[in-house]
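Report on one structure; see the data block that follows.
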Amino acid sequence: MRDKFRISRDSQALFITAVTKDRLPVFRTDAIRVVTCKALEQARNSGQFLIFAYVIMPDHLHLLTNCPSTSADVLRYVKGLTGRRVIDYLKEQGYESSLAKLRHEQWKRKHTHSLWQQEKNVLSIFSEAMFMQKVNYIHLNPVRADLVERAIDYRWSSARIWQRRAVEDEPLMVDFDRIVWRRA
């Protein structure tokens, strides 16, 4: 997985938005955000994809990834592992009211809770210009939501890393150094 990544028609990036069920603000505490970051790291390793940018908002997250197989596979790893880890955490910590809001009829695999809404919100990115537009959109999300004044001040985002101001205990490292940019 040490390969470089070049954005093109043959090598698309994915802009993923995952929204919590009924927009429940699940990601309000640092503890649940840490669980989510660890799950994203596990998803990246299991699915063998790269994460270029991310933000975790109270009721959704955005990711910019590569697409080594299919967008459905990347989404399955992202939603599956984060959903499972967050729901397990809520059960372990006894957050019954939150679990009640995530409950649904039992499905095929005996799942009784869902973290994510069902829609597949994935956009394929084929150009560097669109890629950078999405990076900026991701990083400015907490500013637009009035959570912080500057993007780099929001802990649960890759903005600091892109500004080369990473802190020692970054919650999730990104693979932006693996991108091969076209020469201007």
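The values are calculated or read from the model by the stated rules, or taken from the named source; none is laboratory data. A quick note: this is a predicted structure, and the numbers were derived from the prediction, not measured. Cβ sites come from the backbone with ideal geometry, for glycine too, and all protein chains shown count toward neighbours.
Among the residues of this structure, Asp169 counts as one that is part of a loop (DSSP other than H, G, I, E, B) and on the phi < 0 side of the Ramachandran plot. For region 145-184, a residue qualifies if it is surrounded by 13 or more Cβ atoms within 10 Å (Cβ to Cβ) and among the β-branched types (Val, Ile, Thr), and the qualifying residues are Val148, Ile152, Ile161, Val174, Ile179. The residues on offer are Ile138, Ile51, and the sole one that is surrounded by 15 or more Cβ atoms within 10 Å (Cβ to Cβ), in contact (Cβ under 8 Å) with a residue 12 or more places away in the chain, closer than 30 Å to Arg160 by Cα and touching a Lys or Arg at 6+ places or on another chain (Cβ under 6 Å) is Ile51.
Going through region 21-59 one residue at a time, which ones are within 17 Å of His139 (Cα to Cα) and acidic (Asp, Glu)? Passing the criteria: only Asp59. Of the residues making up region 52-66, those that are among the hydrophobic types (A, V, I, L, M, F, W, C) and assigned to a strand (DSSP E or B) are Phe52, Ala53, Val55, Ile56, Leu61, Leu63, Leu64. If you check Ser158 against the conditions, is it of a type in the set (Gly, Ala, Ser) and farther than 19 Å from Asp22 by Cα? Answer is yes for this residue. Within region 15-26, being more than 10 Å from the chain's Cα centre (by Cα) and crowded, with 21+ Cβ neighbours inside 10 Å holds for Thr20, Val26.
So that you can scan it fast, the table gives a plain yes or no per residue for (1) of a type in the set (Ser, Thr, Tyr); (2) modelled with pLDDT under 95; (3) in contact with a Phe, Trp or Tyr (Cβ under 9 Å, 6 or more places away or on another chain):
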residue	(1), (2), (3)
Asp22	no, yes, no
Thr29	yes, no, no
Ala39	no, no, no
Phe52	no, no, yes
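The condition (being of a type in the set (Lys, Arg) and surrounded by fewer than 21 Cβ atoms within 10 Å (Cβ to Cβ)) is satisfied by just one residue among Arg85, Arg44: Arg85. Checked against (1) more than 19 Å from Asn66 (Cβ to Cβ); (2) among the charged types (D, E, K, R); (3) at pLDDT 95 or above, Asp175 meets all criteria but (1).
Here is a yes/no grid of residues against (1) farther than 19 Å from Arg23 by Cα; (2) buried (at least 21 other Cβ atoms within 10 Å of the Cβ); (3) modelled with pLDDT of 95 or more:
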| residue | (1), (2), (3) |
| --- | --- |
| Asp59 | no, no, yes |
| Leu64 | yes, yes, yes |
| Ser71 | yes, no, no |
| Val78 | no, yes, yes |
| Tyr89 | no, no, yes |
| Ala100 | no, no, no |
| Lys110 | yes, no, no |
